[in-house]
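Structure first, then comments.
Just so it is clear, none of the values below were taken in a lab; they were calculated from the coordinates. No experiment lies behind these values; they were computed from the predicted model shown. Ideal geometry is used to build each Cβ from the backbone, glycine not excepted, and the neighbour counts take in all protein chains shown.
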């Protein structure tokens, strides 16, 4: 999604108007196969392997680090695999219950709509246009329903996959179980190409949603602003224990001027009264500080209308070269004592002061006992929050882009990494320069993932930046934009 990582050869104007744009190919794939069936994927894979061509997998292309493109590559585009079949009574050795069998190209809004049609709930992400069975589920997949049903990867009970050999196989907890384990958490475009998946669906879920905006002003000092936010932050374990979820932005607008936009607090399985009982201590704290919080609260009988009213649809442009992201999952132990809470909050304050914006979630996935059924980052199972920092790059030159990425990596994310040794990073929204990425993205799962990668793809047909087993490979982009991009050949190092 970010043209910076494609070599800045086809930047999208800030207005979104591309009619008069000037583009060269750069790091974008040279050829693409618009997939309609499994046989076409097999032909593309066999063709690329036989001729030693670079191959990339593209679902919807919602990727911050350019992993769905590659200079000179053949792109396998799975976006068109849109079948959705409802199975009222699915039966397998690992799961019995309602399910969908879905094509790999199904997007979040399509899965949500189908679930609403059948009176059930399905797990997907916040952004409605993300392909659920591309990088989302294979990377873990956080969701407004994760506190009830687990992350995206936890929903998948069976996969159909084309391997680097061209073979078409099924992967379940009992058939090709190592491949099943690796593909659900080990990252997209790495072990094979998903053609379809069978996923659990769940009961209908009522939701109470709330939004508010708090900004420093003549009546709200910076001191009181941060005191109110600190109280809210300290409640994250309680909010997660109550199986709620929130997504909000926090930013510094000017010296001593801050904005906090809650959009939204997503209280699943809660009536308005139950939500207000949960949030009352925070509201009371605001009143003590003289802050009038004009919260807007609405109850919905099911998930999809609540989602539509809060998260979607979204009219976002493709990412620009003026901002890049990094993230950190903050573990439960960072709320264990007053001392560690103070240190963690200081690192968060530092990030606000030095980044353009923070997007923050309170989130903790359900089904903690599922640890081990897939390769989802163990840090995902032990988090209370995820912090996504977005920096601002004002100098649009290779030196400026490099300096901006380094500022994010060291000055913004560095203190957060240091204070969260038990945490990790979500690979789907990661800093392209994430240090010690193997540990950050996969923790203790990485050695096993390496072995499975070697088994199924020994010749590295499937390469993505900072993907499993890529230590011996690099893209030689000649430093075109000052940071790693896809605008260069893939080489052994």
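Per-structure values
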quantity	calculated
FRET E, pair residue 297, residue 253, Förster distance 41 Å, beta-carbon r, rounded to 0.05	0.95
Packing-based ranking, highest mean first, of 280-287, 265-272, 177-184 given that Cβ atoms within 10 Å are counted	177-184, 265-272, 280-287
Pairwise centroid distance, computed over Cα atoms, of region 39-56 with region 178-212, Å	26 Å
Computed over the chain: relative contact order in percent, which uses C-alpha pairs under 8 Å that are six or more apart	18 percent
Estimated distance in nm for a label pair at residue 309 and residue 411, the labels positioned 7 Å out from Cα along Cα-to-Cβ	4.2 nm
Label-zone membership for region 416-447, site residue 350, 7 angstrom Cα→C-beta point, backbone N under 18 Å	416-425, 431, 434-436
Normalised contact order of region 84-203, rounded percent, pairs of Cα under 8 Å and 6 or more residues apart	29 percent
Computed over region 338-413: relative contact order in percent, which uses C-alpha pairs under 8 Å that are six or more apart	36 percent
Gain upon complete extension [residue 238, residue 219; 0.36 nm per residue less C-alpha separation]	3.9 nm
Ranked by how many other beta carbons lie within 10 Å on average, peptides 379-390, 234-245 from highest	379-390, 234-245
Ordering of 71-78, 335-342 by packing [mean C-beta count within 10 Å, highest first]	71-78, 335-342
Full-stretch length increase - residue 343, residue 444 - with 0.36 nm per residue and alpha-carbon distance subtracted	33.8 nm
Antiparallel bridges, percent of DSSP beta bridges restricted to region 45-130 (to nearest 5)	60 percent
Segment residue 87-residue 49, extension gain: residue separation times 0.36 nm, minus the distance between their alpha carbons	10.1 nm
